[in-house]
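Note sheet for the following structure.
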Amino acid sequence: MRYRRATMRSPLFFSCCALLAACSSDPSPAPSDAATDTAVDASADASTDASPAGTTLTVSTTRGPVIGHIADGVTSFLGIPYAAPPVGALRWRPPTEAPAWTTPRDAATKGATCLQTRGTLSGAGPMSEDCLALNVWTAKTATGDSTRRPVMVFVHGGGFTAGTTSGPDYDGASLAAKGVVVVTFNYRLGQFGFLAHPSLTAEDTEHHSSGNYGFMDQQAVLRWVRDNAASFGGDPSNVTLFGESAGSISVCAHMVAPGSAGLFHKAIGESAVCTFLITPLHDIAALPQVGSAEALGARFATAVGCNTASDVSACMRAKPAAEVLAAAPTPVELTRYGVRYQPNIDGYVLAEAPWVSLLAGRFQRVPVITGTNLDEGTAFTLGVNIPDEAAYRALVGAVLPDHVDDVIRLYPVAMYASPKAAYEAFLRDAVFVCPARAFARTTTLYSVPTYLYQFTRLNRAGAVLGLGVFHSAELPYVFGNFTGFFSRAPEDEPVVTATQGYWTRFATTGDPNGGGAPMWRPYTAATDNHLEIGDTVREGTGLQRAACDAMATWLAVPR
């Protein structure tokens, strides 16, 4: 296998990062709820209780007992704090242990959504700065059940600025009924989760880091799972980390993050890889196009009137949550180099750019599923008018000024239904398909079992909205939840069965095969194979091979 290594200044590399952030974010503005502090009784742990009347199950955690509710053979435990409320003096600090309690906590309600601009991805539930809670679904319904089930921990998407697992889309009961323990959670987003600033960096005298708080929240969840999974019938030595979009980027980043080592044993990434994470904490000499996380933080400090304060950190922490939220970049700014909140390369949480770690083999070599959807690019162009080739060329030029003619040759308008469709195909491949394929080619270099897929099931939402098999269209089939536009059709049933079967078998053994399902062979560069998951489940080869091989000369990816 040959490697085509671009320099760190590759325009496509930077532009795709910005486009992914813009695509994954939800820019619809709306008023937010104010932050709240929740008092929790601090005291010692308690032991497991019996299940009263067979409708509830009480188990102990390292911080206190929780009461789960049983329905259809699955017990749900909702809204369990996994860290202390990150408010007041704990805003923009690493997560700390949640206060303990002794009175059994009724885990009947999910926690609040982390603060963000109100929109489609935020859901309609309450928002709060106090949002570090998780949910568990398990087939364990009795205290005498000593079964150890595989654990699946899900990271939601939303461009690191939006999203929640507090709505019905991510209910884990359907998956848990397949014999796994499902964990979902919320983590700090946007400027609450990823704000870096020189004053915050200076506070960390040991690691000289700031801005990766949301990612550290995810690590806190993995530590909570390690310490508590057994109480819920889970096996802490068999944890699968899976996520979609920014959640998939996070899964990939955990593979290279030193602090995540040993906390999970398999990985599933749906629609994104972590080669997009290249923003440095403060050294921008080698990356002038990207900018630094601290430079973005300095602009934030100015926006909230703290840039000239004697103690900038204290000034920012004193600001009301609504004022902090209002200082977010506008949607337009999200498409510019560097102007976005996401994990940064600080030398501690992320020791180096993930693509450097991956190419060098410095990553957790756990079995991997990675893949994309058939029409990922349509989510980029909602509301964008591309009436002719001139407009198409202008958009390509904004993304890739040095290769406009090359892109037009790869994606000529004559081959597509419209100039917009050609542009969407380019974005699909440049931002999603080719990085996923390159990721698979890289992990297999180090003998990591890797399974590549393309999801092709057109659901009712995609058909009605004209988006095709769009970004995130696979999620109802993974979780088995069809809400809103995702009304369930009879034709969806076999796709749900296939998707959940592959995902849960992989979580159990590291191999998705079995159950009479079509064979899914591990990816190899020689066969360049993938599994199509849709109305037909079958093996394919050479997924966008010509385009990806051509673009490999512009990206730091293997060919």
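A short reminder: the numbers here are calculations on the coordinates, not readings from a lab. Fair warning: this is a prediction, and the values are worked out from it, not measured in the lab. So basically every Cβ, Gly included, is an ideal-geometry build from the backbone, and we count neighbours across all protein chains shown.
Annotations for the structure displayed:
- Across region 317-428, the relative contact order, built from alpha-carbon pairs under 8 Å that are at least six residues apart, equals 23 percent.
- Charge tally around Val384: other residues with Cβ under 11 Å, Lys/Arg +1 each, Asp/Glu -1 each, net 0.
- Helical contribution to [θ] at 222 nm, DSSP H n ≥ 4, -39,500 (n - 2.57), averaged over the chain, rounded to 500: -8000 deg cm²/dmol
- Taking 7 Å steps out from each Cα toward its Cβ at Ala309 and Val464 produces label points 4.6 nm apart.
- If only the Cβ of Lys and Arg carry +1 and only the Cβ of Asp and Glu carry -1, the dipole of the chain around its Cα centre is close to 940 debye.
- Residues whose amide H comes within less than 5 Å of that of Val155, counting only those at least five positions distant or on another chain, are Phe242, Gly243, Glu244 (H built at 1.01 Å from N in the peptide plane).
- Straight-distance crosslink candidates among aspartates and glutamates, where the alpha carbon sits under 16 Å from Lys319 and sequence neighbours closer than 8 are dropped: Asp33, Asp37, Glu129, Asp130, Asp311
- Ranking of Glu97, Glu532 by neighbouring Cβ atoms within 10 Å, starting from the fewest: Glu97, Glu532.
- Per the Debye calculation on region 442-559 with a single equal scatterer at every Cα and no solvent contribution, log₁₀ I(q)/I(0) for q = 0.10, 0.11, 0.22, 0.23 Å⁻¹ amounts to -0.36, -0.43, -1.24, -1.29.
- Simple spin-label estimate for Glu539 and Thr302 in nanometres, 7 Å along Cα-Cβ: 5.7 nm
- Top positive-direction residue, dipole computed over region 388-517 with Cβ charges, set Val495, Leu410, Phe470: Val495
- In summary, the aspartates and glutamates within cross-link reach of Lys178, defined as a Cα separation below 19 angstrom excluding same-chain residues under 8 places away, comprise Asp72, Asp145, Asp169, Asp235, Glu474, Asp492, Glu493, Asp511.
- Global form of region 303-430, assessed from the alpha-carbon gyration tensor, a/c cut-off 1.5: oblate
- Hull volume per residue, based on the alpha-carbon atoms of region 401-456 and their convex hull, is 100 Å³.
- Cβ-based net charge around Arg428, under 10 Å, with every Lys or Arg adding one and every Asp or Glu removing one: -4
- Thr56 long-range amide H proximity, modeled H, under 5 Å: Ile70
- Summed residue charge, Cβ within 14 Å of Tyr502's Cβ, Lys/Arg positive, Asp/Glu negative: +1
- Take the Cβ atoms of Leu382 and Ser487, set R0 to 25 Å, and the FRET efficiency comes out at 0.75.
- Amide proton proximity set for Phe455, modelled H, under 5 Å, gap of 5+: Thr372, Asn373, Leu374, Ile533
- Bridging of Lys420 to aspartates and glutamates at a Cα separation below 18 Å is possible for Asp375, Glu376, Asp388, Glu389, Asp405, Asp406, Asp429, once same-chain residues fewer than 8 apart are set aside.
- Beta-bridge orientation, the chain: approximately 40 percent antiparallel, per DSSP, counting only bridges with both partners inside.
- Computed over the chain, the P(r) curve from all C-alpha pair distances, binned at 20 Å from the origin, holds 22, 57, 20, 1 percent per bin.
- Per-q log10 I(q)/I(0), region 211-270, q = 0.16, 0.21, 0.22 Å⁻¹ (Debye; single scatterer per alpha-carbon; no solvent): -0.47, -0.80, -0.87
- Ranked by how many other Cβ atoms sit within 10 Å of their own Cβ, fewest first, the residues Ser472, Ser313 fall in the order Ser472, Ser313.
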